[in-house]
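The values are calculated or read from the model by the stated rules, or taken from the named source; none is laboratory data. Everything numeric here is computed off the predicted structure, so don't read it as measured data. Cβ: placed from backbone, ideal geometry, glycine included. Neighbour counts: every protein chain shown.
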């Protein structure tokens, strides 16, 4: 009996608890496996401990460590550099080296983007 493909593992990094919870619940309903962190520093520590998601959903503007700083540190770490990132932002940044979706966004757009980013790996 086939169980199907494994769930896509997503790490949501967002300082807004409500956004983390809503996105997490919706993604789980779509078959994703979700973990979350409230800022870039916490997320980076979790990744360095060995958690290796298939894709990261990253808020750009956060306290403690913003999304662009997180991304620079993630890319500088050889074991983490290959994890793709999809940014979420109300204010697009020309400095981002990853695709950003603008808030507010349609959930279907995020799901399609996450699946396409993981499939392209």
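Some observations on this one:
- Scoring residue 53 on the criteria (1) over 10 Å from the mean Cα position of the chain (by Cα); (2) closer than 20 Å to residue 65 by Cβ; (3) crowded, with 17+ Cβ neighbours inside 10 Å leaves a single failure, condition (1).
- Of the residues making up segment 1-59, those that are assigned to a loop (DSSP other than H, G, I, E, B) and within 20 Å of residue 106 (Cβ to Cβ) are 8, 14, 16, 30, 31, 32.
- Within segment 62-95, being part of a loop (DSSP other than H, G, I, E, B) and within 14 Å of the chain's Cα centre (by Cα) holds for 62, 66, 80, 81, 82, 83, 84.
- For segment 104-119, the condition of being loosely packed, with under 11 Cβ neighbours inside 10 Å, in a loop (DSSP other than H, G, I, E, B) and touching a residue at least 24 places away in the same chain (Cβ under 8 Å) holds for none of the residues.
- Verdict on residue 98 being modelled with pLDDT under 95 and under 14 Å from the mean Cα position of the chain (by Cα): yes
- Of all residues in segment 24-38, those satisfying the criterion of being in contact with a strand residue (DSSP E or B) (Cβ under 7 Å, 6 or more places away or on another chain), crowded, with 17+ Cβ neighbours inside 10 Å and either in contact (Cβ under 8 Å) with a residue 24 or more places away in the chain or at positive phi (or both) are 27, 32, 34, 36, 37.
Listed here are the residues, each with its yes/no results for (1) in contact with a strand residue (DSSP E or B) (Cβ under 8 Å, 6 or more places away or on another chain); (2) under 25 Å from residue 97 (Cα atoms).
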residue: 16; (1), (2): yes, yes
residue: 22; (1), (2): no, no
residue: 45; (1), (2): no, yes
residue: 48; (1), (2): no, yes
residue: 60; (1), (2): yes, yes
